[in-house]
Amino acid sequence: MSVYIETERLKLRDWEEKDLLPFQRMNANRQVRRFFPSILSYRRSELDMQAMQKNLEQDGMGLFAVELKESGEWIGFIGVNHIPEKSQYSFEELPFYEIGWRLIPEVWDNGIATEGAEAVVEYVKEKGVAEIYSMTAESNTASRRVMEKIGMTLKDTFELPGVSENHPLQPQVRYYKQLNE
Ligand SMILES: CC(C)(COP(=O)(O)OP(=O)(O)OC[C@H]1O[C@@H](n2cnc3c(N)ncnc32)[C@H](O)[C@@H]1OP(=O)(O)O)[C@@H](O)C(=O)NCCC(=O)NCCS
């Protein structure tokens with residue numbers, strides 16, 4: 001089991017078998033998923049966890065499992081997701097790395113996403129990533145605040161593929177940060 005990044009309060013590490021049930025519960029929670037089109041089934045979460053771990057093993061970076069150092073508790077994920085050239089999106093800049101986060105509600109509003117994301121930015125910069133993007137629903141204030149607090153700026157707005165025009169999750173926003181300044 002590798003720990004890739006340590007911060008004052010967090011370990012960003014490989015996914016472990018014991019993370020599966022809390023990850024499944026987080027993704028089945030409607031409050032957590034209110035800025036996404038749907039909650040996730042337990043099976044879908046299991047497949048997602050396997051895919052995230054595979055990426056970490058292959059690339060040494062990706063969406064890291066986040067553990068609270070003080071208690072050893074798994075509390076969510078923070079990291080980067082590679083958006084390939086052939087994807088659901090129609091941006092000019094593809095492929096790119098998207099930085100993202102999802103945490104259990106019990107830990108929200110303690111600066112944890114910001115602390116982890118700042119460390120992820122430094123880590124991926126060392127690995128040669130030159131720029132990062134981040135996307136969320138325009139109404140997701142908490143996530144947008146994290147983007148702003150780590151120094152990202154609003155780049156553009158876009159429509160979430162596969163979701164109807166008047167869906168509450170339209171429009172989406174995309175933030176940007178250059179890392180090799
Ligand atoms: C987005 C998320 C990871 C943020 O995690 P967090 O650890 O609470 O983030 P932080 O504490 O570092 O920062 C949150 C900021 O948003 C602010 N905030 C939170 N909810 C808010 C609201 N409803 N309105 C205005 N500001 C809000 C907080 O006050 C804080 O800003 P501040 O430091 O300027 O006061 C967490 O809310 C989450 O997991 N949400 C569900 C999943 C999700 O939406 N993920 C992102 C999808 S792109």
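The values are calculated or read from the model by the stated rules, or taken from the named source; none is laboratory data. Quick caveat: nothing in here was measured; it's all calculated off a predicted structure. Note that we place each Cβ from the backbone using ideal geometry, even for glycine, and neighbour counts take in every protein chain shown. Note: accessible area is taken over every heavy atom of the protein model, side chains too, but ligands, DNA and RNA are not part of it. Shrake-Rupley method; radii C 1.70, N 1.55, O 1.52, S 1.80 Å.
Brief remarks on what is shown
- Per residue, the accessible area of the chain comes to 53 Å² when a 1.4 Å probe rolls over the protein heavy atoms.
- About its Cα centre, the dipole of region 129-169 is roughly 240 debye, where the only charges are +1 on Lys and Arg Cβ and -1 on Asp and Glu Cβ.
- Evaluated with a Cβ-only charge set (Lys, Arg +1; Asp, Glu -1), the chain carries a dipole of roughly 500 debye about its Cα centre, given to the nearest 20.
- Each residue of region 95-100 was assigned a 3J(HN,Hα) from its phi angle through the Karplus curve 6.51 cos²θ - 1.76 cosθ + 1.60 (θ = phi - 60°); the sequence is x, 8, 9, 9, 8, x Hz, with glycine and proline shown as x.
- Built amide H within the under 5 Å cut-off of D156, gap 5+: R174
- Rg to Rh, two decimals, where region 133-181 supplies the alpha carbon set and Rh follows Kirkwood: 1.03
- A straight chain from R33 to A142 at 0.36 nm per residue would run longer than the Cα-Cα distance by 37.9 nm.
- Rolling a 1.4 Å probe over the protein heavy atoms of the chain, with every protein chain left in place, gives an accessible area that is 45 percent carbon and sulfur.
- 222 nm mean residue ellipticity, helices alone, for the chain (DSSP H n ≥ 4; -39,500 (n - 2.57); rounded to 500): -8500 deg cm²/dmol
- For trypsin sites (Lys or Arg not before Pro), the sites in region 1-110 that DSSP calls loop and that have at most 14 other Cβ atoms within 10 Å are R30, R34, K69, K86.
- Coil-residue GluC sites (Glu not before Pro) of region 58-116, DSSP, other Cβ within 10 Å capped at 15: E70, E73, E85, E92, E93
- Other-chain or far-sequence residues with amide H under 5 Å of A28's (modelled H): L40
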